[in-house]
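No lab work stands behind these numbers, since they all come straight from the coordinates. What you see is a predicted model; the values in this text were computed from it and never measured. Reconstructed Cβ throughout: ideal geometry from the backbone, glycine too, with neighbour counts over all protein chains shown.
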Amino acid sequence: MTQQGTAQGQDTADGAQAPGVSELTLDQKLELYYYMRLTRSLEERLVNLYRQTKVVGGLFRSLGQEADAVGSAYALDRTKGDILSPLIRNLGSMLVQGARPDEILRQYMAKGDSPTRGRELNIHYGDLVRGFVGQISQLGDMVPVMAGVTLSFRMRGEDRVGMVYVGDGATSTGAFHEGINFAAVQRCPLVVVVENNGYAYSTPLSKQTAARELRDKALGYGIPSEQADGNDVLATYEATKRAVDRARAGGGVTLVELITYRRKGHAEHDNQSYVPAGEIEKWAASNDPIDRFVTVLTMDLKVDVSVLGAIDERVMAEIDRATDEAEASPMPEPADALVGIYADPPEEKPLWFREGVRAAVEVNERPSSWGTHDV
Amino acid sequence: MSEITYLEAIREALFEEMERDENVFCLGEDIGAYGGAFKVTEGLQAKFGEARVIDTPISEIAIIGAAAGAAHMGMRPVCEMQFIDFISCGYDMLTNYVATARYRAMLPCPMVVRGPSGGYVRGGPFHSQNPEAAFLHTPGLKMVYPATASDAKGLMKAAIRDEDCVLFFEHKYLYRRIKETMPEGDHVVPIGKARVAREGTDVSIITYAATVWKSLEAAEELEKEGLSVEVIDLRSLAPLDDEAILATVKKTNRVLIVHEDTRTGGVAGEITSRISEMAFEWLDAPILRVTAADVPLPYSPPLEDYVLPQTADIVKAVRRLAEY
């Protein structure tokens, strides 16, 4: 559902004719299934590794949100150099852009050959060549950054689009406001995806905003909005694709609200005591995005279950192989911590009490939590 | 070649760098059509157009954040904070995002955040600040604070060409008060190198920005008493020039650190600590500081002048060191 901003005299004409999901081939739809399944199974593997304390830091799940992540990212054009900035529940979006399971595992396991060389946690990493930017924990901050990335597309006359993800909670931040407003004024080719999963850590949407709907915020910025069922991967794709096409055609920023539900806690330690009884179970039983898409594929599109089974097997084989590789990877050399703060100087000198010392301690403790354990 | 002011020197650097490299662009509040609150960017938009001299909403987070995003893609943005006091509105973006980008994600942020800084101008608590101490504590940022017109030009060029984010503090008291003939050619002053503003043998003053001039005045006065005072103009605050600091300590064995910023947790504390670690045995007297008092900077002239360091304070401190 497209809704136009009401700013006077605004020419937010939709660029191309909005494409329907019918333009996706069956192979593409099976690819969507593959990415959703890969997301879920990879996170399940991470849970096992977390329980073995091989995942050193916190573990963030996107259970129940795989469709909104995968369907929205799929609307970008990887052949044109589009770039997205994911949020903590966008593992699926990153996989679509070419992130690999072994990278995710190395990140979580704090390995020396992880994409951030052990400097950052979880899915906080990026690759501008494949088209995703590493996020930081301060929510909303990536909106101004992606405004700048897409400003550079516009300044250089490049046919590229950017996409930035925020949650319902981040729409309350100053960075979100300043970033989306700046991008709207500059008519940056940017899609702002608001994943409304009902909770920001423990805070429900009703305590986050008095807005009737998050898409309503678009009105204040004079930009169009889209809203879709984020648990319907095809509807998500369709709504986001309209926004991407609009951005590419010079129509500026669109806010896309995807309505979904966070079935796990903020992180693995969170016991979700604040969630009303039965709510999670209800979503799991009747509105699981993968179950729903399997029904579409098998009932409407007559895909044989064996085809999906083969994809599941391929996913597990990939994850097994990636796990073996990641587990075999070395931890970082301690003094590598001093490298790469600046281009010049390339590294800091060791402090005098660390000169000639390889490791600060003999055994690096791997606590089972950060002290936030309430399970 | 005629003399130009500190402010004109900065403008000249912006013009030359934008001409040299099409990736350089400016963004900030009222910098385009209006030319900026202090007219530092006057004429830039007329020459380079709205696309490269961008008037932004009142949004320091967005200015700094968008600059970072553009810098990742190979652009070289120069952000103006209308007054440097407003840099605190973008503090999160600078410290959490920009300063960590290369280290955590190998994302380069070649960008400059510049703005009018400092007091002695009756600007009150929100138009007189010196923000360096807050950022001295943040690995990943560089900081320069020139005291002369030629350094202002040369450091601006170096800042724009640097591969990392440089905070460029411009002292607004100096904007139109000092003039200098610019060196010929492509004048670039390296970041991280201090300058001996005056040679001396009895006492060293280590300082930067507007208090360089107050220190030079004090040195003149003290010369009449037979005291030879060396004045070191740091120019860069991150990285600090340890070599220059060490050299002057070894030369005079008596050190006064002067800055306009407040005292506690200030740059002087860091320099004192470094001297104590590197050259304790070279000292003949305790290191003294002349700084602002630990108060928000008040507006009324008798109050502001009482809080900020004055030439007479510096003279008094140097005498005390010489007598120690």
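Each Lys and Arg Cβ is given +1 and each Asp and Glu Cβ -1; about its Cα centre, the protein assembly as shown then shows a dipole of about 320 debye. 3J(HN,Hα) along segment B:23-31: 7, 6, 9, 10, 9, x, 8, 6, 8 Hz, from the Karplus curve 6.51 cos²θ - 1.76 cosθ + 1.60 with θ = phi - 60°, whole Hz, x for Gly and Pro. Taking a sphere under 10 Å around the Cβ of A:ALA343 and counting the other residues whose Cβ falls inside, with K and R at +1 and D and E at -1, yields a net charge of -3. Using C-alpha pairs below 8 Å separated by at least 6 residues, the relative contact order for segment A:227-310 is 28 percent.
Segment B:50-99 and segment A:298-318 have their alpha-carbon centroids 48 Å apart. In this label model, A:GLU333 and A:ALA360 are separated by 1.8 nm, measuring between points 7 Å along each Cα→Cβ vector.
Pairs with C-alpha atoms separated by more than 25 Å, drawn from the list B:LYS193/B:LYS250; A:LYS29/A:LYS80; A:LYS80/A:LYS111; A:LYS349/B:LYS193; B:LYS172/B:LYS224, are A:LYS80/A:LYS111; B:LYS172/B:LYS224.
Nearest 10 degrees is fine. How inclined is helix A:305-328 to the longest principal axis of chain A, computing both from alpha carbons? For helix A:305-328, the angle is close to 30 degrees. What does the helix-only formula give at 222 nm for chain A: each DSSP H stretch with n ≥ 4 adding -39500 (n - 2.57), the total divided by the residues, and the result rounded to the nearest 500 deg cm²/dmol? Calculated from helices alone, the mean residue ellipticity at 222 nm is -11500 deg cm²/dmol.
For a Förster distance of 25 Å, can you work out the FRET efficiency between the beta-carbons of B:ARG122 and B:LYS316, rounded to the nearest 0.05? Once rounded, the FRET efficiency stands at 0.55.
Annotation: amide H of B:VAL53 within the under-5 Å range of B:CYS26, sequence separation 5 or more or interchain, hydrogens built in the peptide plane.
When the square roots of the Cα gyration tensor eigenvalues are ordered a ≥ b ≥ c, the ratio a/c for segment A:56-95 is 1.5 or more and a/b does not exceed b/c, which makes its shape oblate.
For segment A:358-364, 3J(HN,Hα) computed residue by residue from phi via the Karplus equation (6.51, -1.76, 1.60; θ = phi - 60°) reads 7, 10, 6, 9, 6, 10, 7 Hz, glycine and proline entered as x. Ellipticity at 222 nm from helices only: DSSP H runs of n ≥ 4 in chain B, each -39500 (n - 2.57), divided by the residue count, give -10500 deg cm²/dmol.
At B:TYR306 and A:VAL305, where each label point lies 7 Å from the Cα along Cα→Cβ, what is the point-to-point distance in nanometres? About 8.6 nm separates the two model spin labels. Once the chain from B:SER228 to B:THR201 is taken as fully extended at 0.36 nm per residue, the excess over their C-alpha distance is 9.2 nm.
Using C-alpha pairs below 8 Å separated by at least 6 residues, the relative contact order for chain B is 16 percent. Computed over neighbours whose Cβ is under 13 Å from that of A:SER206, the net charge equals 0, Lys and Arg +1, Asp and Glu -1.
Spacing of the modelled spin labels on A:THR53 and A:GLU23, each 7 Å from Cα toward Cβ, amounts to 5.2 nm. The calculated FRET efficiency for B:SER273 paired with B:TYR324, based on their beta-carbon distance and R0 = 30 Å, is about 0.90. Computed from the Cβ-Cβ distance with R0 of 60 Å, the FRET efficiency linking A:THR295 to B:THR264 stands at 0.35. Around the amide H of A:HIS269, modelled in the peptide plane, lie the amide H atoms of A:LEU59, all under 5 Å away and 5 or more residues distant in sequence or on another chain. Within the shell defined by Cβ-Cβ distances under 14 Å, the residues around B:ALA292 carry a net charge of -4, with Lys and Arg each +1 and Asp and Glu each -1. So how strong a dipole does chain A carry about its Cα centre when Lys and Arg Cβ are +1 and Asp and Glu Cβ are -1, to the nearest 20 debye? That gives chain A a dipole magnitude of about 460 debye. Near B:SER204, the amide H atoms lying under 5 Å from its own belong to B:GLU230, B:ARG254, B:VAL255, B:LEU256; only residues 5 or more places off or on other chains count, and H is placed 1.01 Å from N.
For A:LYS302, which aspartates and glutamates qualify as cross-link partners when the Cα separation must be under 17 Å and same-chain residues fewer than eight apart are set aside? The qualifying aspartates and glutamates are A:ASP27, A:GLU31, A:ASP291. Taking a straight Cα-Cα cut-off under 22 Å and skipping sequence neighbours fewer than 8 places away in the same chain, the lysines within cross-link reach of A:LYS264 are A:LYS54, A:LYS207, A:LYS282. This model, with +1 at the C-beta of Lys and Arg and -1 at the C-beta of Asp and Glu, gives chain B a dipole about its Cα centre of some 180 debye.
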